[in-house]
Each structure stands twice: as C-alpha cells, then as structure tokens.
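These notes concern the structure reproduced below.
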Amino acid sequence: MPFRLAMLGMWHVHAHGIVRQVANHPKEFALVGFHDRDPSVLADRVKQWTPLLGSMRVFESAEALCREKFDGIVVEGRVYENVQLARIALEHGKPVMLEKPAGDDFAGFRRLLRLAQTKKLHVQMIYLFRYMSAIQEMLQRVRTGELGDIYHFRARLPKDLASYSRFVDELSRYKGGIFFEMAGHLVDMMIAMLGPPRRVTPFLAHHHRRQPKKFIDNAVAVFEYPNAWASIEVPALEVAPYGRRIEVFGTQGAIVIPHLGSGHLKNKDVQPIEIFHNGDADWQALTLEANPLQISDLREFAAVVRGKKPPDFTFAHDLAVQDALLRACGMR
C-alpha cells in the first residue's frame, strides 16, 4: 500500500519536485491532502499539479487536514511559518518532512524537536543535497577516515543574477538574505563531517548596485573548529555556469565535487567527483551515476516512520545545523 502523505503549505519551490516524485512512483507514495493559507498559492498549485496527481483534496485549515488519517505530513510553506505548521502536525500525531531551513527562530525549532521526542514522532529536514551520488560518496569516504584528519572544508553555492529581483522579494525579511536561503545545504554537510563549530564569523554584504542596500546578496562565513577551518560562500550575483562546489582537505587526501548541481532542478545524468590520496601522482576522477533527486528523501522518511531503519540524520545534527546557520546569518 502506498505511503499516504499530505502537504501542509504549498508555497516552496521544492514542493514541485516532491509532487513530481510522488506522481512518478504511485506504488510507493500518494499525496492525498493539501492546504495553504494563501488562496493565490493554492489556486496556482492546484492548476499545476492536478494534471500530475488527478483530483486534489483541499482542506480549509491546517487543523482540518491534520485530523485526517495520513502516514506523514510534508511542510512546504514559507520558511517563517513552517515550524508552526509542523507543530500543528505533530500535535495531531503526524510525523513531518520539514522544508529547509528550519524556520527563523532557533528556540521555536528546538521546542518543535522536543515535542517530536515527547510524542516519539519523526521530523526529517528536507536538505536535498544529502542523497546526491557525489555527496554520498564524499560522506562515506570522510566517515571511514580515508582522508585522515579533515583540516579544511570549503564550499560555495551561488544563485544566478537573473533571478535577483525574486530573491529580493522572497528573502528581504530575513537578516541573512541569500545566505539564509542557501547556506544550510552546505552547513548540513559541514556538520556531518566536522560536527558543530566552536565559533562562527559571518561576513554579510550587499554588493549589487541595486537597492535595497539591506538585502544580503554576497556573503561568506568562516567556521572555527579545534583542528580545522570551514568556509562557505553564497552570492546571488553569479553569471558563470557550474560554480557550485565542495572541497574537503585532510591529512591523507582530499575530495572535490567540482559541479555540485542543484538539489531539485534537472541535473546531468552523471556527477563527477575528484579524489586525491597521499602518495598518488595526481588526482583521480570518478564519474558517478546521478541519483534521482527527492525520491531518496521520501524513501528515507517512509522507512524511518515505518520503523525499518534509524534516521540518517539525527535531531542533534539538525539542531546543530540550524544553530550554525543562524549564527552565520547574524540571526542568533
């Protein structure tokens, strides 16, 4: 029987990919309930998604939706409202897939996870780079100690200049601007490899000639560890292609993902990764088959909820990611 999901909040761009994957895997998943408080968002999504899903059952309120019988709730509203939506789901006994980042209030997210622990319910963050093939390869090699002691993690995740006006409209309310929107993907990987940093130093700037000057469109953060540095860059000014990358350097080797791609848009069928081991004459290049995106997140969620496996990423991990992200944004 398919794993029955409902979607609470339908605004976020990642929601489209979730819908596509559910539609492409009807034997595994079904989306059978929807709610968004914004009538214009609701009307737009019903128009877009009905051809994929068929008739969509829309609920008049979050509470009405959560009173129905579902296996889990996907929360895809606006970031500032998502933690409260997730709380409504948990209070009604529903496990949650929660869109990133985990709201803009650290205390609220911490209370959410405490509620989930009390009710013994799963909350899974939707950080879509987690299950990309190159990321999985990188994490596996780092975790086995293949690279020795990691002394530097460096990553950048730019957004294109052509979409600048949309970023201003959507993100100006957040002090961290474009960094708040995107850096969590990289902080997620950094924490997975190095754990929580002991100090965070942000460099937040507006470098475009256009207004508003308060909008952060070019940011770098440095994270200090006892025996390592990490640095993350997120500009909203990019015109060059293929600028997304992750680099990890250790005392026994290094790994570079030179073309990270996107967590939800169409990616190439293969994903390269470059590896160097101490004593090698040169870098080795691997070409990995790209994993279908977002279906892995859905499968992880269903397996954990059904009790078939422990979660790949713990509550402690997700709390550390949110803490480091908000500190890097000057929001904590």
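Annotations for the structure displayed:
- Cβ-placed point charges (K, R +1; D, E -1), dipole of the chain about Cα centre in debye, nearest 20: 820 debye
- Where the Cα pairs of the chain fall when distances are cut into 20 Å bins, in %: 31, 60, 10, 0
- Taking GluC sites (Glu not before Pro) as exposed when their DSSP state is a loop state and no more than 16 other Cβ atoms lie within 10 Å, the longest site-free interval of the chain runs over 147-332.
- Descending principal axes extents, the range 133-293, alpha-carbon based, whole Å: 51, 38, 25
- Relative contact order for the range 96-207, counting Cα pairs under 8 Å that sit 6 or more residues apart, in percent: 28 percent
- Unit charges at the beta carbon, dipole of the range 158-206: most positive-side option, Val187, Val200, Phe167: Val200
- Only helices enter the 222 nm calculation for the chain: every DSSP H run of n ≥ 4 contributes -39,500 (n - 2.57), and dividing by all residues gives -11000 deg cm²/dmol, rounded to 500.
- Whether the range 31-137 is rounded, prolate or oblate, judged on the alpha carbon gyration tensor where a/c under 1.5 counts as rounded: oblate
- With Cα atoms, 0 to 90° folded angle of helix 39-53 axis to the chain main axis: 90 degrees
Every number here is computed from the coordinates shown, using simple stated rules; none is lab data. This is a predicted model, so every value here is computed, not measured. Cβ sites come from the backbone with ideal geometry, for glycine too, and all protein chains shown count toward neighbours.
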